Structure formats: C-alpha cells, structure tokens
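Here's the structure, in structure tokens; my notes come after.
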Amino acid sequence: MTVRPNQFRLASSIREPGELRDGRWRTFEPVAPVERELRGKRFLLRPGLTFTPYANPAPCNAHCSFCSEELMRLDADRLSAKTVIGDFDRYFDGLSRAWSELAGFPMGLSLSGLEATAHPEWLLRLLTLVQTHGALFPERVLYTNGSGLCTDLRLVPALAAAAFTRVELSRCHFDEVINHRVMRFDNGQPIRHRAAFEETVHRILKSRLGLKLVCILNTQAVSTLAQVEAYLDEAEALGVTQVVFRSLSELGDVYRDTRETRWIARNRVNTRALLDEVMTDQLVTRAGWTFVGMTAGYYYSNEVYRRGGIEVVIESASYVAHHEGVQRGVMQKLVFHSTGDLCGDWVPNAQVVGNYFSP
Ligand code: SF4
C-alpha cells in the first residue's frame, strides 16, 4: 500500500493498521517535482514542500533535553543554531529576495529552528514580510515553546493579523516540575510555570489562530497510555481541541554521539506499542477513542483519533528517512539560514541552493 502526499486515509479504508505502523514513510509516493531557476541554476522542487526561515535571532531560552537543533549530523560542518542572525536589515533583504525568486510556487511556511518568539522585534518584522509575499504561503505555522507569546502581548494578535493558520505549542507535561525536567526553560521565563502557560493557551484560543499542543513522548514525562489520557484530560479542561503526541525521531547512525543523542536513546518511547494499545490490528479501539484515519509524509506518519472533544494525533518520524529523502536530487524542504544561504536541508552545508545576501 502506498501513501500519497496530503492523502488522508479514512478509518473505513484501513483493514490492517499493523502493516502501516512500522516505518510507514517507506510507502510514501511523492508527487512529480517541478523545475525552477534559483540563483541562476536549475533545481527540482517537490510541490507542497515547506519553507523555514530558520529562527535564530537569539539563542533559545529553553534547553530541552531532546533538542534537535543540538544534533550534529556526521556530514555537517556546523550547527545553524550556533550562528545567530546578525544584521537584521541584510537578513530580511535576503529573505525577501529568496521569496521573490520563488513567487508562483506556493509553499507551507513553517516557522521553526530555535525559538522565533525569543526576539519579538525580529518576529514582528518577519510577519510584515510574510504579508508582503502573502500568496506564496497558503499555510503558515509557528512552532514554539510559547515563551514570547507569554511575555509580549503583541505577538498573538500579530500572528493572527498575518493570517497564521495555527500555533503548535510544545509542552511535555502539565505538571510544571515534570515539564521543567525535560524542557528546562531559563529562570526568567514565566511560561515555565503552569499558570502562565495556561493563560497563554487561553489567549491563543481567544484569537483567530488554531492551536495544537505538542507533547514529545519520553520516559521522563509522558510515555504510557495512562499518562497520555491524563494529558488529554488536562488539555480538554483548558479548552484545547487538538493535541499531537510526537515520538522522538529515529536517529540511526547519521548523528554524532552527544548528550542529546544519548538522552534520546535512553528516553525514547516505543510509539508502536502505544498505538497497539490504542487500537489493535483487528481494529478494536480502546474505550473512549475513535479511529479517524492516517496520513504520512516522506519521513513521518500519523494516526488520527478522537477522544472526547479532542483530535489526537500520534506521530512517528525518522531523521534517517528525512536524510535519504533530501539526497534524492529533489528539494523536499527549503531552509533559509542566518548566513543568507538557502538550503534543501536543515544542515547548513548540505543541499545548498545559493546565497541571497547579494543582489
Ligand atoms: S524550545 Fe525548541 S529550540 Fe529551544 S531547546 Fe527546546 S527544542 Fe530546542
């Protein structure tokens, strides 16, 4: 069975979920690429790809034990996370140049990297630029730890005004002590406390923005089905309607051995076992859960359920599959780095399209 991009398989069309649960991204069948000229050279781009202006206007104000921005691939010569954006004028001129070259090729805007809200002035300038290239980004998503949304009241309305589709807000646990064990916010960040987190959630829910809570499954916070259900109960009580439980990505042997890779290996949760508890191979779902369907991309796969008033997504991913995907000569992703380089990969020296700091 193959899976095409954006193809959502409804529960009624699935007979054996088990055959799809292990490494489902291997069955992904991509749409044909299109050719574009960028910086004077021809490139193949995958329609539907996402563009990330790598958000590192400042170091992150959290130190998550699993932080993927600290993971160094063996073929990388540096980490993007370590080169913060220096000259904002030059950065935004370059980004605008890149977006102008890509005009007419609609993409998803995926605002991630380090913490975009850690430098509100940078984020506000970015939102203004997004609006001037409006048609380029039919979908706009901010991935955040919520720190700046909590402390700067301008940001939620500005994201809504810039027509962001949703905010994906990370929280590993509702108990602030347990959450802090994993997310390790800087001391001065109010969002480390539960009351500030909940107030931020309420403010986002009152805006026009969609909100998904993102819980990274790990054995220090949420790992068992009982803990998953307790998390969903707390989310529902807050008025949240979408929650994603994301597994720690499979790293294979393409990363250097570091504190983060060792933490990930020690604390990884077997998503397959969790999924088997939610729904058996015979399609028997756990009481209170309804299977909605599944979807997949070139390196991730999702199962979607309803439990009470919440849409629950359980997601697994593989950075190995991601790495293989981007090496096939077709751009699956575009990342604009702080150096002005546009790349087809998160690694700043891989799949380089060209530099946009010069006209
Ligand atoms: S909030 Fe994101 S960038 Fe910051 S430490 Fe956590 S995972 Fe890394």
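The values are calculated or read from the model by the stated rules, or taken from the named source; none is laboratory data. Here the structure is a predicted model, which means the values were calculated and not measured. Here Cβ is always computed from backbone atoms with ideal geometry, including for glycine, and neighbour counts include all displayed protein chains.
Inside the range 78-117, can you point out the residues that are assigned to a loop (DSSP other than H, G, I, E, B) and closer than 18 Å to GLU35 by Cα?
Listed by number, the residues that qualify are LEU102, ALA103, GLY104, PHE105, PRO106, MET107.
Name every residue in the range 264-295 that is of a type in the set (Val, Ile, Thr) and either under 14 Å from GLU229 (Cα atoms) or surrounded by 12 or more Cβ atoms within 10 Å (Cβ to Cβ) (or both), in order of residue number.
Within the range 264-295, ILE264, VAL269, THR271, VAL278, THR280, THR285, THR290, VAL292, THR295 qualify.
Quick one: which residue in THR27, THR52 is at pLDDT 95 or above and within 24 Å of LEU248 (Cα to Cα)?
THR52
Quick check: is even one residue across the range 225-239 assigned to a strand (DSSP E or B) and aromatic (Phe, Trp, Tyr)?
Among the residues of the range 225-239, not one is assigned to a strand (DSSP E or B) and aromatic (Phe, Trp, Tyr), which makes the answer no.
VAL182 versus (1) free of Cβ contacts under 8 Å to residues at least 60 places away in the same chain; (2) in a helix (DSSP H, G or I); (3) closer than 30 Å to ARG140 by Cα: which is the lone unmet condition?
(1)
Could you tell me which of the residues SER65, SER80 is polar (S, T, N, Q), within 16 Å of the ligand (Cβ to nearest atom) and more than 18 Å from LEU126 (Cβ to Cβ)?
Criteria check complete, one pass: SER65.
Does ILE204 satisfy the criteria of being within 16 Å of the ligand (Cβ to nearest atom) and touching a residue at least 24 places away in the same chain (Cβ under 8 Å)?
No, not satisfied.
For the range 124-138, how many residues meet the condition of being under 15 Å from PHE88 (Cβ atoms) and either part of a strand (DSSP E or B) or in contact (Cβ under 8 Å) with a residue 40 or more places away in the chain (or both)?
Adding up the residues that qualify gives 1.
Which one of GLU176, GLU168 is among the acidic types (Asp, Glu), on the phi < 0 side of the Ramachandran plot, more than 14 Å from the ligand (Cβ to nearest atom) and surrounded by fewer than 22 Cβ atoms within 10 Å (Cβ to Cβ)? Even if it seems obvious, please write down each step before you answer.
Values: GLU168 fails: more than 14 Å from the ligand (Cβ to nearest atom).
Going through GLU176, GLU168 in turn, just one is among the acidic types (Asp, Glu), on the phi < 0 side of the Ramachandran plot, more than 14 Å from the ligand (Cβ to nearest atom) and surrounded by fewer than 22 Cβ atoms within 10 Å (Cβ to Cβ): GLU176.
Look at GLY239 and say whether it is more than 16 Å from the ligand (Cβ to nearest atom) and under 21 Å from CYS150 (Cβ atoms).
It is true that GLY239 is more than 16 Å from the ligand (Cβ to nearest atom) and under 21 Å from CYS150 (Cβ atoms).
Pick out the one residue from VAL313, VAL347, VAL254 that is buried (at least 18 other Cβ atoms within 10 Å of the Cβ), under 19 Å from CYS67 (Cα atoms) and under 21 Å from the mean Cα position of the chain (by Cα).
VAL347
Would you point out which residue out of THR224, THR151 is more than 18 Å from SER65 (Cα to Cα), among the polar types (S, T, N, Q) and buried (at least 17 other Cβ atoms within 10 Å of the Cβ)?
Residue meeting the stated conditions: THR151.
Only one of these conditions is not met by VAL141: (1) within 29 Å of SER65 (Cα to Cα); (2) touching a Ser or Thr at 6+ places or on another chain (Cβ under 8 Å); (3) in a helix (DSSP H, G or I). Which number is it?
Unmet for VAL141, out of (1) within 29 Å of SER65 (Cα to Cα); (2) touching a Ser or Thr at 6+ places or on another chain (Cβ under 8 Å); (3) in a helix (DSSP H, G or I): (3).
Quick one: in the range 40-62, which of the residues that are surrounded by fewer than 18 Cβ atoms within 10 Å (Cβ to Cβ) and away from the ligand (no atom under 16 Å from the Cβ) is nearest to the chain's Cα centre (by Cα)?
Within the range 40-62, the match that is nearest to the chain's Cα centre (by Cα) is GLY48.
Run down ARG246, ARG306, ARG268 and say which single residue is basic (Lys, Arg) and touching a residue at least 60 places away in the same chain (Cβ under 8 Å).
ARG246
Quick check on the range 92-120: of everything there that is aliphatic (A, V, I, L, M) and touching a Phe, Trp or Tyr at 6+ places or on another chain (Cβ under 7 Å), which residue is surrounded by the most Cβ atoms within 10 Å (Cβ to Cβ)?
So the residue we want is LEU111.
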